[in-house]
Amino acid sequence: PFVGCLHDCVYCRVSFQRQLKRWGKSHCIKCYHYMPHEHPERLSRLPSSQIIFVCGDGDIAFCRTEFLKLIAERVKRHSEKCPGRTYYFQSKNWQLAKRVVPFIEDVKGAIILETLETNRDDGYSLISKAPPPTERHKAFLELNYPRKAITAEPLLDFDVDMFFKMVTEAEPEFVWIGYNSKPNAVKLPEPSLEKTAKLIQLLKESRIEVRGKNLRGLS
């Protein structure tokens with residue numbers, strides 16, 4: 001029901017945005033340009049899957065508060081009608097997206113996710129216009145919400161000990177970890193497989209569930 005983002009991440013241009021352009025070209029010019037906008041007519045249609053990525057084609061940080069409330073109310077009704085579902089609310093800027101938290105406190109199955117690809121702020125402005133990793137993580141930690149998760153995808157080069165500390169201090173239920181899925185289309189500063197394997201090992205030893213995607217052979 002909400003689409004678009006202004007973070008302008010280089011890896012999103014060749015993945016989410018490119019996919020949306022194919023549909024938007026003949027249906028919605030704002031979708032085509034990935035401009036933040038609303039599709040209220042979609043509030044009545046929720047996927048039948050067990051895991052529902054709420055507003056997965058955008059960042060809710062750019063959504064109006066009034067419309068965020070409508071989205072949350074719709075999800076709550078759905079959770080009551082279809083118990084056992086999980087709803088992901090994800091953002092790269094929880095300083096702005098935190099407005100949704102009061103609306104989903106009574107939604108069973110709602111989890112808030114932070115995109116955190118690295119611990120390094122230096123050079124991040126070449127990747128995205130989103131808040132630097134340490135700044136956005138601070139805002140995420142300050143949220144008083146019981147169910148959190150982290151998406152470390154696509155992974156950017158990181159410092160093992162510092163990144164491990166950042167991830168674990170959020171006490172996430174799980175962590176998605178994965179490399180760039182479009183390496184031929186966009187080049188990113190990536191960690192070695194050995195470094196990623198070490199991070200995964202430390203997370204598992206801390207009893208944090210790791211969910212892998214595009215791990216290039218790592219188990």
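Bear in mind these aren't lab numbers, they're just calculated from the coordinates by the rules spelled out. Note that this is a predicted model, so its numbers are computed, not measured. Backbone-built Cβ (ideal geometry, glycine too); neighbour counts: all protein chains shown.
Brief remarks follow.
- 18 Å Cα-Cα reach of LYS148 towards aspartates and glutamates, excluding residues that sit fewer than 8 places from it in its own chain: ASP59, GLU105, ASP106, GLU114, GLU117, GLU135, GLU169, GLU171, GLU173, GLU209
- Paramagnetic label zone (point 7 Å from Cα along Cα-to-C-beta, LYS69; backbone N under 19 Å) in segment 31-53: 38-41, 43-44
- Between ASP121 and THR86, the simple spin-label model (points 7 angstrom out along Cα→Cβ) gives 3.2 nm.
- In segment 26-152, a dipole from Cβ-located charges (positive for Lys and Arg, negative for Asp and Glu) runs towards its positive end, and of THR115, SER48, SER91 it is SER48 whose Cα lies farthest in that direction.
- Option label - Rg/Rh (Cα atoms, Kirkwood Rh) computed here, alternatives [x] 1.02; [y] 0.95; [z] 0.93: [y]
- In the chain, the longest principal axis of the Cα atoms and the axis of helix 193-205 are about 70 degrees apart.
- Packing-based ranking, highest mean first, of 135-141, 36-42 given that Cβ atoms within 10 Å are counted: 135-141, 36-42
- Contact order, relative form, for the chain: 17 percent (alpha carbon pairs under 8 Å, 6 or more residues apart, mean separation divided by residue count).
- Extension gain for SER206 to ARG77 (0.36 nm times residue separation, less C-alpha to C-alpha distance): 42.9 nm.
- With the helix formula -39500 (n - 2.57) applied to DSSP H stretches of n ≥ 4, the chain reaches a computed 222 nm mean residue ellipticity of -9500 deg cm²/dmol.
- Taking Cα centre as origin and charging only the Cβ of basic (Lys, Arg, +1) and acidic (Asp, Glu, -1) residues, the dipole magnitude of segment 85-182 rounds to 460 debye.
- FRET efficiency, ASP106 to SER48 (Cβ-Cβ, R0 30 Å, nearest 0.05): 0.85
- Helix axis angle, 16-27 relative to the chain longest principal axis, alpha carbon, degrees: 20
- Taking θ as phi - 60° and the Karplus parameters 6.51, -1.76 and 1.60, the scalar couplings of segment 50-64 work out to 6, 10, 10, 8, 5, 6, x, 9, x, 10, 5, 4, 9, 8, 4 Hz in sequence order, x denoting glycine and proline.
- Between helix 65-81 and the chain: long-axis angle, C-alpha atoms, 0 to 90°, nearest 10: 90
- Proximal lysines relative to LYS195, as straight alpha-carbon distance under 23 Å, when same-chain residues fewer than 8 apart are discounted: LYS165, LYS182, LYS187, LYS204, LYS213
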